[in-house]
Amino acid sequence: MTVTMPPPISRRMAKLDIIKVPDPLLRKVSTPVERVDDDLRRFLDDMLETMYEAPGIGLAAVQVAQPIRAIVMDIAKGEDEPKSPIAMINPEIVELGSEMRLHEEGCLSIPEVYAELERPASALVRYIDREGRRQEMRCEGLLATVLQHEVDHLDGKLFIDYLGRLKRDMIIKKFKKQKALASS
Ligand SMILES: [Zn+2]
C-alpha cells in the first residue's frame, strides 16, 4: 500500500467477496490503518460497492478478508432516498448512551440469520475520514446500531455472540455443516 499510481480515467469499481462464518478471519482483531492514500480510498469505494450490491447497510474490511480497521455504512433506504455513504478509518467509540434500542440484526457474513439485539441507542465515535482528517460523529438510532455492529467486527466479535452460547454454537454448527456439504 505504498506505491501511489495515478488513478485511471474511468475506473470501474470492483465487487469484493464477502467471507462467511465459520471463516476464522472473522475472529481476528483488525489492525489500525497507518496511512490514508489512494489505494485505501479505492478499497473503501470497493467496500461500498460490495455493500450496496449485497445489499447491506454496513460492512467491515475484515468481511472482505482485509483485517484492517475500516468500516463503511449507509442507512439510506431504497431507491428514492439519496445515498449517504459513510466511511470510517480507525473508528473508536468513545461514549455510549444509557438508553437502549432494540433492532433485528443480520450480518452479510452470517446469511439468513436474524436476531433482536439491544444496544445503546446513541454512540459518539472518533475516526479518520477518507481525506485523512480526524472526525467525531454522534450516531443515533439505526446508525448507532450499525456502527456498534461494524466496530465489533474489527474486534473479531459477531452479533450472534450476544445471543448466548447455546444459540451461537447452534448457528455456527449449521454453517460448518453447510460448508462441509458444499465442499464434499
Ligand atoms: Zn456483520
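Take the conditions (1) out of contact with any strand residue (DSSP E or B) (no Cβ under 8 Å at 6 or more places or on another chain); (2) in a strand (DSSP E or B); ASP46 misses just one of them, which is (2).
Under the condition of being in a strand (DSSP E or B) and away from the ligand (no atom under 16 Å from the Cβ), which residue from the stretch 94-112 is surrounded by the most Cβ atoms within 10 Å (Cβ to Cβ)?
Let us first name the residues in the stretch 94-112 that are in a strand (DSSP E or B), namely 94-96, 100-107, 110-112.
Filter again for away from the ligand (no atom under 16 Å from the Cβ), leaving 94-96, 100-102.
Values: VAL94: 10, GLU95: 11, LEU96: 15, MET100: 11, ARG101: 17, LEU102: 11.
The qualifying residue surrounded by the most Cβ atoms within 10 Å (Cβ to Cβ) is ARG101.
Out of ARG168, ARG138, I need the residue that is free of Cβ contacts under 8 Å to residues at least 24 places away in the same chain, away from the ligand (no atom under 16 Å from the Cβ) and within 22 Å of the chain's Cα centre (by Cα). Which one? Working first, answer last.
On the way: ARG168 fails: away from the ligand (no atom under 16 Å from the Cβ).
When all the criteria are applied, what remains is ARG138.
Name the single residue that is surrounded by the most Cβ atoms within 10 Å (Cβ to Cβ) among those in the stretch 113-134 being in contact (Cβ under 8 Å) with a residue 40 or more places away in the chain and in a strand (DSSP E or B).
Filtering the stretch 113-134 down to residues in contact (Cβ under 8 Å) with a residue 40 or more places away in the chain leaves 113, 115, 117, 128-132.
Next, only the ones that are in a strand (DSSP E or B) stay: 113, 115, 117, 128.
Values: VAL113: 18, ALA115: 17, LEU117: 18, ILE128: 21.
By that ranking, first place goes to ILE128.
Scanning the stretch 50-62 for residues that are crowded, with 17+ Cβ neighbours inside 10 Å and of a type outside the set (A, V, I, L, M, F, W, C) yields a total of 4. Could you list, in sequence order, all residues of the stretch 16-60 that are under 23 Å from LYS83 (Cβ atoms) and within 12 Å of the ligand (Cβ to nearest atom)? Across the stretch 16-60, the qualifying residues are ILE18, MET51, ALA54, GLY56, ILE57, GLY58, LEU59, ALA60.
Just so you know, all these numbers are worked out from the coordinates, no wet-lab data involved. None of these values were measured; they are calculated from a predicted model. Neighbour counts are summed over all protein chains in view; Cβ atoms, including those assigned to glycine, are modelled from backbone coordinates with ideal geometry.
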